[in-house]
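The values are calculated or read from the model by the stated rules, or taken from the named source; none is laboratory data. Note that this is a predicted model, so its numbers are computed, not measured. Cβ placement follows ideal geometry from the backbone for every residue including glycine, while neighbour counts extend to all protein chains displayed.
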């Protein structure tokens, strides 16, 4: 916290007033990098899915991005860091993807009985599966994954 305060040109006390723990500060910083607030829903849910997956790809593929995800998977089940990471990063992303897919259903682009819960999980799960299998992740991962999810729900 001392190093963060110095880099930010503030005091530790000021940091602790806003972020009472290191986990709170770390997850708030990661959440702010997602740029999800900058993505505006359009009339094209497929393009919105592609934009969401591109944002995820950019975040995970940045230096140490996948390492942070791995750390969250290895943390103790009740650790504050894992809980906050899930609440601030994972859950909002899953809600955004699920909402996009539901918009696809509502617009008649996707089957009304498509399993959107599993499709939502699969949307980011392919990245983790490739990493765990030590397979390369191509730069066109967002496009390929969006197409796969869309076809699976059509």
Among (1) modelled with pLDDT of 95 or more; (2) in a loop (DSSP other than H, G, I, E, B), the one test that residue 63 misses = (1)
Does any residue of the stretch 124-144 turn out to be buried (at least 19 other Cβ atoms within 10 Å of the Cβ), more than 16 Å from the chain's Cα centre (by Cα) and under 18 Å from residue 44 (Cα atoms)?
-> no
With respect to the numbered conditions (1) under 11 Å from the mean Cα position of the chain (by Cα); (2) modelled with pLDDT under 85, which one is the sole condition not fulfilled by residue 52?
-> (2)
What do you reckon, is residue 91 under 23 Å from residue 46 (Cα atoms) and touching a residue at least 12 places away in the same chain (Cβ under 8 Å)?
-> no
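Which members of the stretch 107-120 meet the condition of being surrounded by 15 or more Cβ atoms within 10 Å (Cβ to Cβ) and not in a loop (DSSP other than H, G, I, E, B)? So that I can check it myself, show each step before the final result.
Start the filter on the stretch 107-120 by keeping residues that are surrounded by 15 or more Cβ atoms within 10 Å (Cβ to Cβ), which leaves 109-110, 114, 116, 119-120.
Of everything in the stretch 107-120, those that are surrounded by 15 or more Cβ atoms within 10 Å (Cβ to Cβ) and not in a loop (DSSP other than H, G, I, E, B) turn out to be 116, 119, 120.
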Taking the stretch 31-46 only, how many residues are surrounded by 13 or more Cβ atoms within 10 Å (Cβ to Cβ), under 12 Å from the mean Cα position of the chain (by Cα) and not in a loop (DSSP other than H, G, I, E, B)?
-> 3
Conditions: (1) surrounded by 12 or more Cβ atoms within 10 Å (Cβ to Cβ); (2) at pLDDT 75 or above. Residue 6 meets all but one. Number of the miss?
-> (1)
Hey, does the stretch 83-106 have a residue that's modelled with pLDDT under 90, in a loop (DSSP other than H, G, I, E, B) and touching a helix residue (DSSP H, G or I) at 6+ places or on another chain (Cβ under 8 Å)?
-> no
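Which members of the stretch 132-151 meet the condition of being under 13 Å from residue 57 (Cβ atoms) and either in contact with a helix residue (DSSP H, G or I) (Cβ under 6 Å, 6 or more places away or on another chain) or part of a loop (DSSP other than H, G, I, E, B) (or both)? Even if it seems obvious, please write down each step before you answer.
To start, the set of residues in the stretch 132-151 that are under 13 Å from residue 57 (Cβ atoms) comprises 137-146.
Matches in the stretch 132-151: 137, 138, 139, 140, 141, 142, 145, 146.
For every residue, the table says whether it meets (1) farther than 24 Å from residue 83 by Cα; (2) not assigned by TED's automatic domain parsing to the domain that holds residue 92.
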position	(1), (2)
3	yes, yes
6	yes, yes
14	no, yes
17	no, yes
20	no, yes
23	no, yes
26	no, yes
29	no, yes
44	yes, no
